[in-house]
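Shown next, in structure tokens, is the structure this report addresses.
The values are calculated or read from the model by the stated rules, or taken from the named source; none is laboratory data. Just so it is clear, the model here is predicted, and its values are computed rather than measured. Using ideal geometry, Cβ is built from the backbone for each residue, glycine included, and neighbour counts are taken over all protein chains shown. These area figures cover heavy atoms from the full protein model, side chains too; ligands, DNA and RNA do not enter into them. Shrake-Rupley method; radii C 1.70, N 1.55, O 1.52, S 1.80 Å.
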Amino acid sequence: MRNLITDVPGLSVGSAEDLTLKSGVTVLLPDEPAVASVAIHGGAPGTRDTALLEPDQTVEKVDALVLSGGSAFGLDAGAGVQAGLAAMGRGFQVGPVRVPIVPGAILFDLMNGGDKNWGDYAPYRELGRAALAAAGLDFALGSHGAGCGATTANLKGGLGSASLRLSCGATVGALVAVNALGRATMGDGPHFWAAPFEQGNEFGGLGLPCPLPVDAVQPRTKHDALRAGANTTIAIVATDAILTKAEAKRLAVMAHDGLARALWPAHTPMDGDLVFALSTGRHRLQEPLADMIELGAAAASTLARAIARGVYHATPAKGDTLPAWQELQGKEK
């Protein structure tokens, strides 16, 4: 187990970033078209092709999912991924034509200290295609891909991932770009809200503070720092369990509990908090209702861990507007 979403059989992940831009793209690529759905609980989302993921819509499966920086400019990343998939001969069959199905979501990182003077055309189409070309089983966390320029209220955000093997034999994984309005840590201390779900020392092994910081539940946000709008945590949870589109929808809904467990506050009017859920369909659930409950809880806990890992692995860079967790704690990854 890599403790990455690619522990789910049949998945690979690629990232591409521009360090001068302080932004990037991450692509989740299933080996074969996969059942997917989405749940959007934030008040300010930016999306591509998410309507077709509802259970009552015709298209059942997707060819890839894209997470991108760049706000609305970043939606171009999906076009780059789509072009790459078309070159591979992948896509939804319509007569003699194949149309790659590539839903995506974006986060706002336009005011993070990076140079956004890109001229007539934003670079996200090219970054999307580069991320697709880089897809593999291993990928870097922290200040990479869609998490390259991500921030929280008090620290740099980042790209996070985690995985878990369930008692029913299925595997669940999470991939997230953490760019929250609120905080992943309690007060000004180093302790993560996701601490109860930590596996080993995957994000420092600090556990919960005792007593809790007096300002732990004070909802400090980017809005307080006049960076309102520079937000959105976008995520994917994936499993090899065989799911219908409706079950994938329920999995995405349950996974949002992990986002709320790891970030405070979450699902605000200024966040575009979104979770995709995807099934590679390789493991049959023996007790569908009981196993779905376990699967949904695991998706939530795994997403919470992935969020903390994204912040934990972020690294400082020239021009940053916020410090990295590692920088403040004086620790190496």
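Yes/no matrix, rows are residues, columns are (1) touching a residue at least 12 places away in the same chain (Cβ under 8 Å); (2) of a type in the set (S, T, N, Q):
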position	(1), (2)
LEU274	yes, no
ALA277	yes, no
LEU289	no, no
GLU294	yes, no
ALA299	yes, no
THR302	yes, yes
ALA306	yes, no
GLY319	yes, no
ALA324	yes, no
Go through the residues of the stretch 117-138 one by one and say whether even a single one is within 17 Å of VAL13 (Cβ to Cβ), at pLDDT 95 or above, in contact with a Lys or Arg (Cβ under 8 Å, 6 or more places away or on another chain) and of a type outside the set (D, E, K, R).
yes
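Each row is one residue, and each column tells you yes or no for (1) open to solvent by 20 Å² or more (accessible area, probe 1.4 Å); (2) assigned to a strand (DSSP E or B).
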position: LEU21; (1), (2): no, no
position: ALA39; (1), (2): no, yes
position: PRO45; (1), (2): yes, no
position: ASP56; (1), (2): yes, no
position: VAL66; (1), (2): no, yes
Considering only the stretch 91-109, I want to know if a residue exists there that is touching a residue at least 24 places away in the same chain (Cβ under 8 Å) and assigned to a helix (DSSP H, G or I).
no
Of the residues in the stretch 68-97 that are touching a helix residue (DSSP H, G or I) at 6+ places or on another chain (Cβ under 7 Å) and open to solvent by 40 Å² or more (accessible area, probe 1.4 Å), the one that is nearest to ALA134 (Cα to Cα) is ASP76
Restricted to the stretch 23-37, and to residues that are hydrophobic (A, V, I, L, M, F, W, C) and over 19 Å from SER161 (Cα atoms), which residue is least open to solvent (accessible area, probe 1.4 Å)?
ALA34
For residues that are buried (at least 19 other Cβ atoms within 10 Å of the Cβ) and either at pLDDT 95 or above or in a helix (DSSP H, G or I) (or both), tally how many sit in the stretch 214-232.
1
Could you give every pair whose Cβ atoms fall below 7 Å, whose first residue belongs to the stretch 43-58 and is over 17 Å from GLN82 (Cα atoms) and touching a residue at least 24 places away in the same chain (Cβ under 8 Å), and whose second residue is surrounded by 14 or more Cβ atoms within 10 Å (Cβ to Cβ) and of a type in the set (Asp, Glu), counting only separations of at least 6 or pairs across chains?
GLY43/ASP271; ALA44/ASP271
Anything in the stretch 113-138 that is open to solvent by less than 30 Å² (accessible area, probe 1.4 Å) and assigned to a loop (DSSP other than H, G, I, E, B)? List them, or say none.
GLY114, ALA122
Going through PHE197, PHE203 one at a time, which residue ends up being within 22 Å of PRO323 (Cβ to Cβ) and crowded, with 19+ Cβ neighbours inside 10 Å?
PHE203
Quick check on this structure: which one of ARG2, ARG48 is touching a strand residue (DSSP E or B) at 6+ places or on another chain (Cβ under 9 Å), under 23 Å from GLY296 (Cα atoms) and at pLDDT 95 or above?
ARG2
